Amino acid sequence: MNKSPRIIYLGTPDFAVEALRRLVEAHYNVVAVVTMPDKPVGRHHNRLQASPVKEYALSQGLPVLQPERLKDEAFLAELKSYNADLQIVVAFRMLPEAVWAMPPLGTFNIHASLLPQYRGAAPINWAIINGDKETGLTAFFLQHDIDTGNIIDQVRVPISEDCTCGELHDTLMHLSGDLALRTVDSIANGTAKSIPQSEMLKMDLDLDPVRDRSMLNVLRPAPKIFKETCRIDWTQPLGQIYNFVRGLSPYPGAWTVMRSAAGEQELKIFGAEPVVADHSVEVGSLVSDGRKRLDVAVPGGWLRITELQLAGKKRMATTAFLCGQQLDGSERLL
């Protein structure tokens, strides 16, 4: 590798710490870090909490920039003063051109999907919700439209049938460090690829001739997930409901409403197993042995709940829930 370029790193959550840590520990020349402003937390929002990236950067003695506005002239002047050759973005917000076009070697982003699929804020969740068998990481150069830039490199990762969003998040997070180092090296050495995303989609289809060529322009988005997005539709087939639950576990959590003789309560489901079976029980009905098993009737079988949380209560295993919850057989999930 040539001498390490001067790097500015932009990121905020836990997912973004791993690549930064790997760069620092491998003695790459990270000259500054940009992250979100400290977030008010606590019941009265009277305490500020630093982002995980900021905490790590400060522990390593790295300068930290926390702009409220990325187009602010004072911030842009400070950013420029570091004379960075290259910028790396991992789990940060959308950058204006004044930022991503600043360094001479460009700005690349590490995105948690195999672009061009799953452009957007929640690619890990949506890959599992949609029942995909594979996902990965993509390093790409930033350009005007979000997540559309030319691809430099990708890492492919299988998704097991019982994998949750949290597990896949951690797998991709650990792999992001290798991809970051490899991408910096290729850019510094002048060997980096720059493949338009339209070409990548064609290449994927060529590698999988079974797929219909009409899929060429079919892109699956990964929009931001809101609370209403997370409500379970019990009329969906068993497999789709199961994928939905694991695609939202542990965060933000798939939820439903439990109706019982005591009224209605919001209920989150974090763990479940699909049980394929024929039955004539009304969809949404809860069936339990009162000790270990809690099943929801759905089209095509039962969703066996293994971990859940009632509103205002702690997250718990089904066995603990059944110890403290008396069910009379009339309960339904809406």
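The values are calculated or read from the model by the stated rules, or taken from the named source; none is laboratory data. The model shown is predicted, which means the values in this text are computed figures rather than measured ones. Note that each Cβ is placed from the backbone with ideal geometry, even for glycine, and that neighbours are counted across all protein chains shown.
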task = Evaluate the following for GLU55: is it more than 16 Å from GLY149 (Cα to Cα), out of contact with any Gly (no Cβ under 7 Å at 6 or more places or on another chain), charged (D, E, K, R) and touching a residue at least 24 places away in the same chain (Cβ under 8 Å)?
result = no
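Can you tell me which residue among THR148, THR107, THR135 is within 18 Å of PHE244 (Cα to Cα) and polar (S, T, N, Q)? Walk me through how you get there before you give the answer.
On the way: THR148 fails: within 18 Å of PHE244 (Cα to Cα); THR107 fails: within 18 Å of PHE244 (Cα to Cα).
Answer to the selection: THR135.
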Considering only strands (runs of 3 or more DSSP E) wholly within region 67-166, the ones with at least 2 residues that are buried (at least 17 other Cβ atoms within 10 Å of the Cβ) and of a type in the set (Gly, Ala, Ser) are 134-141
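Does SER260 satisfy the criteria of being more than 16 Å from GLY131 (Cβ to Cβ) and touching a residue at least 40 places away in the same chain (Cβ under 8 Å)? Before the answer, list the steps.
Numbers: more than 16 Å from GLY131 (Cβ to Cβ): yes; touching a residue at least 40 places away in the same chain (Cβ under 8 Å): yes.
Yes.
Could you look through region 239-271, keep only residues that are over 20 Å from the mean Cα position of the chain (by Cα) and crowded, with 19+ Cβ neighbours inside 10 Å, and pick out the one that is farthest from VAL283 (Cα to Cα)? Steps first, answer last, please.
Initial filter on region 239-271 (over 20 Å from the mean Cα position of the chain (by Cα)): 239, 256-267.
Still in the running and crowded, with 19+ Cβ neighbours inside 10 Å: 256, 258, 267.
Details: THR256: 13, MET258: 13, LEU267: 17 Å.
Result: LEU267.
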task: May I ask you to verify whether LEU62 is outside any strand (DSSP E or B) and crowded, with 16+ Cβ neighbours inside 10 Å?
output: yes
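Among the residues of region 299-311, are any free of Cβ contacts under 8 Å to residues at least 24 places away in the same chain and either surrounded by 12 or more Cβ atoms within 10 Å (Cβ to Cβ) or assigned by TED's automatic domain parsing to the domain that holds SER249 (or both)?
Looking only at region 299-311, we keep the residues that are free of Cβ contacts under 8 Å to residues at least 24 places away in the same chain, and these are none.
Checked against the condition, which is being free of Cβ contacts under 8 Å to residues at least 24 places away in the same chain and either surrounded by 12 or more Cβ atoms within 10 Å (Cβ to Cβ) or assigned by TED's automatic domain parsing to the domain that holds SER249 (or both), region 299-311 yields no hits at all.
Report the residue count in region 152-188 for those that are acidic (Asp, Glu) and under 16 Å from the mean Cα position of the chain (by Cα). Spell out how you get there, then give the answer.
Start the filter on region 152-188 by keeping residues that are acidic (Asp, Glu), which leaves 153, 161-162, 167, 170, 178, 185.
Going one step further and asking which of them are under 16 Å from the mean Cα position of the chain (by Cα), we end up with 167, 170.
Qualifying residue count, region 152-188: 2.
When you look at VAL184, is it over 27 Å from LYS202 (Cβ atoms), in contact with a strand residue (DSSP E or B) (Cβ under 9 Å, 6 or more places away or on another chain) and either surrounded by 19 or more Cβ atoms within 10 Å (Cβ to Cβ) or of a type in the set (Lys, Arg) (or both), yes or no? Full working, then the answer.
Numbers: over 27 Å from LYS202 (Cβ atoms): yes; in contact with a strand residue (DSSP E or B) (Cβ under 9 Å, 6 or more places away or on another chain): yes; either surrounded by 19 or more Cβ atoms within 10 Å (Cβ to Cβ) or of a type in the set (Lys, Arg) (or both): yes.
Judged against the criteria, VAL184 is a match.
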Over region 235-260, the set of residues aromatic (Phe, Trp, Tyr) and under 15 Å from LEU333 (Cβ atoms) is TYR242, PHE244, TRP255
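Which one of these is at pLDDT 95 or above, within 26 Å of the chain's Cα centre (by Cα) and part of a helix (DSSP H, G or I): VAL24, VAL33? Give the steps one after another, and end with the answer.
On the way: VAL33 fails: part of a helix (DSSP H, G or I).
Going through VAL24, VAL33 in turn, just one is at pLDDT 95 or above, within 26 Å of the chain's Cα centre (by Cα) and part of a helix (DSSP H, G or I): VAL24.
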